[in-house]
Amino acid sequence: MSRVIFRGANLLDGEHAPRPDTTVVVEGERITHVAQGAGPEPGADDRVIELAGKTLMPGLVTCHFHAAYQNVTMQPVPLGTEKPPAYLAIAAANNVRTALHSGFTGVVSAGGPHDIDAQLKMAIEDGLIEGPRILAGSHGLDTTGDYNALGDWWWEVGNPGGHLICDGADAFRKQVRTEIRRGAEIIKLFPSGGHGIPEPNTTRGLSKDELRAAVEAAHERGRMVRAHCPWKHLILECIELGVDVIDHGDELDAEVIDAMLRAGTFLAPSMLFLKKLLGDVENVAQATAEQLRPIRADFDNMRKMLPEANAAGVKLVLGDDYGLVMMPHGIYAEELDLYVNTVGIPALDVIRWATVNGAELLGHGGELGTVEPGRLADLLVVDGDPSADVTVLQDRARLRAILLGGRFVKDAL
């Protein structure tokens with residue numbers, strides 16, 4: 001079998017400082033050799049690529065991804081009904097391709113309509129469309145009268161779009177099993193509002209019994225659970241009941257950090273949405289000064305607490321609500337810039353979120369996220385050093401090569 005031999009790489013991953021003058025050999029879908037120096041002698045059929053100091057690093061993983069979001073506004077209709085299902089599926093196919101060509105070789109869904117994620121995964125695996133590795137999400141599951149029941153009750157909206165309403169532990173248990181049967185690998189729940197949603201933090205969506213039933217039903221069948229949960233008391237309840245991923249977590253504090261560390265819970269802080277909401281009010285017609293005050297407080301709290309969570313070892317991951325009008329698909333790498341240059345997290349740590357931690361949540365912790373012999377060759381070649389200037393990842397022209405399982409998705413070397 002012919003090999004690809006990368007020589008003279010600045011090797012970078014989420015576990016080590018940059019290692020100059022490194023040779024990495026890819027054979028088939030896997031990495032077979034990593035060492036400083038010239039490496040093995042090439043065979044007649046091998047391709048030798050002299051990187052001359054360009055960075056070689058693992059593919060990135062975004063872990064809060066809505067494939068079917070496409071120019072979503074604060075419109076008063078249920079998400080997933082803004083366009084017909086076939087249109088949303090086509091948009092989703094385009095969006096996962098955009099993610100791949102932005103250097104994100106893996107995406108973890110945060111939920112979507114019409115079982116689109118599971119069907120995207122099938123189409124990618126069958127070679128019908130181009131896209132990254134996917135952990136497929138479910139519909140968002142919520143309760144009667146919570147904020148996902150958009151529109152006034154007399155509208156009698158028959159199509160719930162991307163969210164399904166359940167009431168009672170048995171209803172949640174049954175719907176989780178149905179979502180899994182239809183291909184969902186991670187179940188999305190809505191225990192609370194918040195994170196830009198005008199609901200007081202004293203309210204809740206799922207009852208504790210409903211939340212427990214949903215988590216148990218998913219875990220019994222080997223699936224994960226994530227929860228839209230900005231508020232402290234419900235974050236702690238979710239952690240207690242075994243929720244695997246907390247989305248947003250805006251009221252993060254020392255007690256929450258300790259609970260996450262004990263349970264091994266992932267946190268997707270998704271601060272870019274808050275930043276865009278605070279800075280792009282003209283695109284969010286319903287946002288008033290009264291609504292923006294708590295959003296500012298949440299942003300400031302996360303800016304203070306995230307460095308503490310990172311230093312303590314909380315499993316932080318990237319991902320946000322891309323596909324909103326002020327956050328189009330394709331700007332994913334802006335998140336790394338935010339966490340490094342606004343929040344103050346070291347670049348190597350944020351790269352670890354996007355590689356090692358992302359690979360673990362994606363379900364490939366033993367095979368992706370670092371550059372080591374035996375690992376799958378999901379790799380990027382970057383013209384520049386993201387550990388010195390993380391903004392280089394925003395420039396697709398500087399992503400000179402993208403490999404997925406050893407296959408070149410992009411080859412501009």
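The values are calculated or read from the model by the stated rules, or taken from the named source; none is laboratory data. Quantities reported herein were computed from a predicted structural model and do not represent experimental measurements. Counting neighbours? That spans all protein chains shown, and the Cβs are built from the backbone with ideal geometry, glycine included. In case anyone asks, the SASA skips ligands and DNA or RNA and just uses the protein heavy atoms, side chains included. Shrake-Rupley method; radii C 1.70, N 1.55, O 1.52, S 1.80 Å.
Would region 1-64 count as rounded, prolate or oblate if I go by the C-alpha gyration tensor, calling it rounded below 1.5 in a/c and otherwise prolate when a/b exceeds b/c, oblate otherwise?
Because a/c hits 1.5 or more and a/b fails to exceed b/c, region 1-64 counts as oblate.
For region 266-413, with equal point scatterers placed on the C-alpha atoms only and solvent neglected, what are the log10 I(q)/I(0) values from the Debye formula at q = 0.13, 0.14, 0.15 1/Å, to two decimals?
Cα-only, vacuum Debye calculation for region 266-413: -0.66, -0.76, -0.86.
Rounded to the nearest 10 Å², what accessible area does Lys315 have for a 1.4 Å probe in the complete protein model?
Accessible area of Lys315: about 50 Å².
Summarise the accessible area of the chain (1.4 Å probe, protein heavy atoms) by the percent that is carbon and sulfur.
Using a 1.4 Å probe with all protein chains present, the chain comes out at 49 percent carbon and sulfur.
With a 10 Å radius around each residue's Cβ, average the other Cβ atoms per peptide and rank 178-189, 362-373, 267-278, highest first.
Per-residue Cβ counts within 10 Å, averaged per peptide and sorted highest first, yield 267-278, 178-189, 362-373.
Would region 327-373 count as rounded, prolate or oblate if I go by the C-alpha gyration tensor, calling it rounded below 1.5 in a/c and otherwise prolate when a/b exceeds b/c, oblate otherwise?
Oblate is the answer for region 327-373, as a/c is 1.5 or above yet b/c matches or exceeds a/b.
Starting from the Cα gyration tensor of the chain, take the square roots of the eigenvalues, sort them a ≥ b ≥ c, and report rounded, prolate or oblate (rounded when a/c is under 1.5, otherwise prolate if a/b is larger than b/c, else oblate). Could the numbers behind the result be given before it?
On the way: a/c = 1.85, a/b = 1.64, b/c = 1.13.
The shape class here is prolate.
Within the chain, what percent of beta bridges assigned by DSSP are antiparallel, to the nearest 5?
Counting DSSP beta bridges with both partners in the chain, the antiparallel share is about 45 percent.
Given the rule -39500 (n - 2.57) for each run of at least 4 DSSP H residues, summed and divided by the residues of the chain, what is its mean residue ellipticity at 222 nm, to the nearest 500 deg cm²/dmol?
Result for the chain, helices only: -9000 deg cm²/dmol.
What length, rounded to one decimal in nm, is gained on full extension from Asn341 through to Ala35, with 0.36 nm per residue of separation minus their alpha-carbon distance?
107.0 nm
Taking 30 Å as the cut-off for C-alpha to C-alpha distance, list the pairs among Lys188/Lys410; Lys188/Lys315; Lys188/Lys304 that go past it.
Values: Lys188/Lys410 33 Å; Lys188/Lys315 19 Å; Lys188/Lys304 27 Å.
Pairs exceeding 30 Å: Lys188/Lys410.
For a quick protection proxy, order the peptides 235-245, 26-36, 9-19 by their average other-Cβ count within 10 Å, most packed first.
Going from most to least packed, we get 235-245, 9-19, 26-36.
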